[in-house]
Amino acid sequence: MDRPGRAQQRTRFDGPVTLTLLDDTRLDCTAIDLSHGGISLRTAQPVRPATYCALRLMAGAGQPVMAFGHVIYSEPGADGYQTGVQFLQIEGDGAALIASLIAPRGAA
């Protein structure tokens, strides 16, 4: 689903994500889709919009991507809540790993 005002196209991505809130609450989530600017997650509980968080997701070949972001929305959905997080900072090679995950198949 593309929301109005979204600047970047999302690519389906199904993988485990650990979301850590500033109060050290850890949520095990499942990714729904991904872009250069953020990620949509399936969470078991709602997360208050504007909440800052750290994310850890697994890219191809088991490489972790570490990022810092803030929650844009958290709405009831299938199997829990659909929660959108905008990336504010992506650590190390994470941006390149994300680019490889969202690149069109067959692109070099």
(message) Among the residues in region 27-35, are any among the hydrophobic types (A, V, I, L, M, F, W, C), in contact (Cβ under 8 Å) with a residue 24 or more places away in the chain and surrounded by fewer than 18 Cβ atoms within 10 Å (Cβ to Cβ)?
(response) no
(request) Would you mind telling me which numbered condition in (1) surrounded by 20 or more Cβ atoms within 10 Å (Cβ to Cβ); (2) closer than 15 Å to residue 21 by Cα residue 98 fails? (result) (2)
(request) Name every residue in region 36-62 that is more than 24 Å from residue 100 (Cα to Cα) and either charged (D, E, K, R) or free of Cβ contacts under 8 Å to residues at least 12 places away in the same chain (or both), in order of residue number. (result) 48
(message) Need pairs with beta-carbon distance below 9 Å; first residue under 16 Å from residue 38 (Cβ atoms) and within region 72-84, second among the aromatic types (Phe, Trp, Tyr) and assigned to a strand (DSSP E or B); sequence gap 6+ or separate chains.
(response) 74/81; 75/81; 82/73; 83/73; 84/73
(request) Collect the residues in region 13-26 that are free of Cβ contacts under 8 Å to residues at least 40 places away in the same chain, part of a loop (DSSP other than H, G, I, E, B) and either surrounded by 12 or more Cβ atoms within 10 Å (Cβ to Cβ) or under 8 Å from the mean Cα position of the chain (by Cα) (or both), keeping them in residue-number order. (result) 25
(request) Answer with yes or no whether residue 94 is within 14 Å of the chain's Cα centre (by Cα) and in contact (Cβ under 8 Å) with a residue 40 or more places away in the chain. (result) no
(request) For residues that are among the charged types (D, E, K, R) and part of a strand (DSSP E or B), scanning just region 47-89, find the one that is surrounded by the fewest Cβ atoms within 10 Å (Cβ to Cβ). (result) 75
(request) Please find, among 28, 23, the residue that is of a type in the set (Asp, Glu), modelled with pLDDT of 90 or more and touching a Pro at 6+ places or on another chain (Cβ under 8 Å). (result) 28
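The values are calculated or read from the model by the stated rules, or taken from the named source; none is laboratory data. Please read all numbers here as calculations on a predicted model, not as lab measurements. Counting neighbours? That spans all protein chains shown, and the Cβs are built from the backbone with ideal geometry, glycine included.
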